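The structure appears right after this line, and notes come after that.
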Amino acid sequence: MTSVANLIAAAAETERRTRTMLGDTIAIGQPATMTTTCDSQLTADPWQIDTEPGYGPGASTGDVAPATAPQQKAIPASYTQATDAELHDRIVAAKAQLGDRVKILGHFYQRDEVVKHADFVGDSFMLAQAAKDHPETEAFIFCGVHFMAETADILSSADQAVMLPNLAAGCSMADMATIDQVESAWQQLTEALGTSSGDKAEVIPVTYMNSSAAIKAFCGRNGGIVCTSSNAATVLEWAFERGKRVIFFPDQHLGRNTAKAMGISEDHMPLWRPYLPMGGNTMQQLQDAKVILWNGFCSVHKRFTVAQIDKARADYDDVQVIVHPECPAPVVEAADGVGSTEYIRKAIAAGKPGDVFAVGTEINLVNRLQAQHPEMTIFCLDPVVCPCSTMYRIHPAYLAWVLEEYVAGRVVNQISVDPTVTADAEVALERMLAARP
Ligand code: SF4
């Protein structure tokens, strides 16, 4: 068995290589300032940055991409030099030729010029479920980020292809927990705490949907489970029926907000910093823990602040503030409502003319909701236009390229999860689907 020391050394070496490559800028998991996490100068042509390390302009500019992150190869100039109108027409024509053979899945945070071509629009789990529910479809083109396409591949059947139009579209939060780091943490925890006492496990691993297939599979192999931002409380209850404590990957904020709402004190939620032995905790802290929070975060949702909420309330008497649970705890506690992107969409759909909503989530969704509901005032809490930089890598040129390649009989940019990983990840996903409030 690999020793803990070797696993920590391997993780530290990965970090060292990444830092060297990027000029030793900002370490993953360290708090970044507002100016380091966002660059509002979006790159209109992502192929100019696809072969460089990093996530590019937009939120998460300050995050460090793993050295092993997939990169996108260059696509022909007939796509990169086409006008917006030409790309639109080519996408429409290719879709018409393919008919029902292919479905385009578009995430809520995706840019409008891509979402308008989607057959299904939703959050990551809704879209993976759409793939599962359409066994008659030959192939899916997932206009989202890498872990989402992996989940769609896991839930769809083996003979269906899932393609990600730009392989460089990762997720900075998902990248904050690698499988090597998670294996290392698990080994340290089980050596420190044991595996079980009485009829309960010492630790149950729980991973947010926003994680790699390898980490979902890890949870499946080790008595753990997956959660979404909609069902995190139900999943934690499931875990506490089976274990004394939980380690929650990779989003500390979703884990903390959910556990706090369940009445768990922050004193019992130590942070696990993957580059430190024992995650930077004492034995006593781990023994007292109820939820061990992985030190990951979303750079889009981390930008929201209580000061922004105060300003919205000062500007509008009857404003309703709704935020995503990936926001920091003080923001969630100062809001009127908290929930997934689908919750936010439904809350606004249930509004009435004249209502005012201040929303703490990604700008593309907020702008789309305002366009869909002109009878209301809907705005983003963050005054800086700062979209998810990784979602933004899916440009219509890539969508046109993937579609036309498929028309020509070629599958490009296929996301194919190893069958053994798929089997274990399915166990964790099935546990989630079976968990009931
Ligand atoms: S919004 Fe945050 S969690 Fe979602 S894909 Fe972008 S970086 Fe990842």
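Each value in this text was obtained by applying a stated rule to the coordinates, not by laboratory testing. The model shown is predicted, which means the values in this text are computed figures rather than measured ones. As a convention, Cβ positions derive from the backbone with ideal geometry for all residues, glycine included, and neighbour counts pool all protein chains shown.
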Could you work out the relative contact order of the chain, using alpha carbon pairs under 8 angstrom and six or more residues apart, expressed as a whole percent?
20 percent
Solution diffusion estimate, µm²/s, Stokes-Einstein, the range 122-193, Kirkwood Rh from C-alpha pairs, 10 °C, viscosity 1.306 mPa s:
116 µm²/s
Please report the equivalent ellipsoid semi-axes of the range 231-317, computed as sqrt(5 x eigenvalue) of the Cα gyration tensor, largest first, in whole Å.
28, 17, 11
Measuring from centroid to centroid over Cα atoms, what is the spacing of the range 224-276 and the range 130-147 in Å?
29 Å
Ranked list, fewest to most other Cβ atoms within 10 Å of each Cβ, for Leu87, Leu429
Leu87, Leu429
Provide the descending list of Cα extents for the range 150-274 along its principal axes, expressed in whole angstroms.
45, 27, 26
Counting pairs on different chains as well as pairs 8 or more places apart, how many Lys pairs in the chain have Cα atoms under 19 Å apart?
12
Can you compute 3J(HN,Hα) from phi for each residue in the range 294-300, using the Karplus curve 6.51 cos²θ - 1.76 cosθ + 1.60 with θ = phi - 60°, rounded to whole Hz and x for Gly and Pro?
5, 7, x, 6, 9, 6, 6
Which cross-chain or sequence-distant (5 or more) residues have an amide H under 5 Å from the amide H of Gln320, H modelled 1.01 Å from N in plane?
Val356, Phe357, Ala358
Amide H within-cut-off set for Tyr208, under 5 Å, with H built and near neighbours excluded:
Cys227, Phe249, Asp251
On the principal axes of its Cα set, how long, how wide and how thick is the range 301-380? Give whole Å, largest value first.
30, 26, 18
Distance in nm between Glu405 and Ala158 label points, each 7 Å along Cα→Cβ, equals 2.4 nm
Extent along principal axes [Cα atoms of the chain; Å; largest to smallest]:
63, 55, 46
Under the rule a/c < 1.5 gives rounded, and otherwise a/b versus b/c splits prolate from oblate, where does the range 314-360 land using the Cα gyration tensor?
oblate
Most mobile of Tyr343, Tyr55, Tyr316 in a GNM of the chain (Cα contacts under 10 Å):
Tyr316
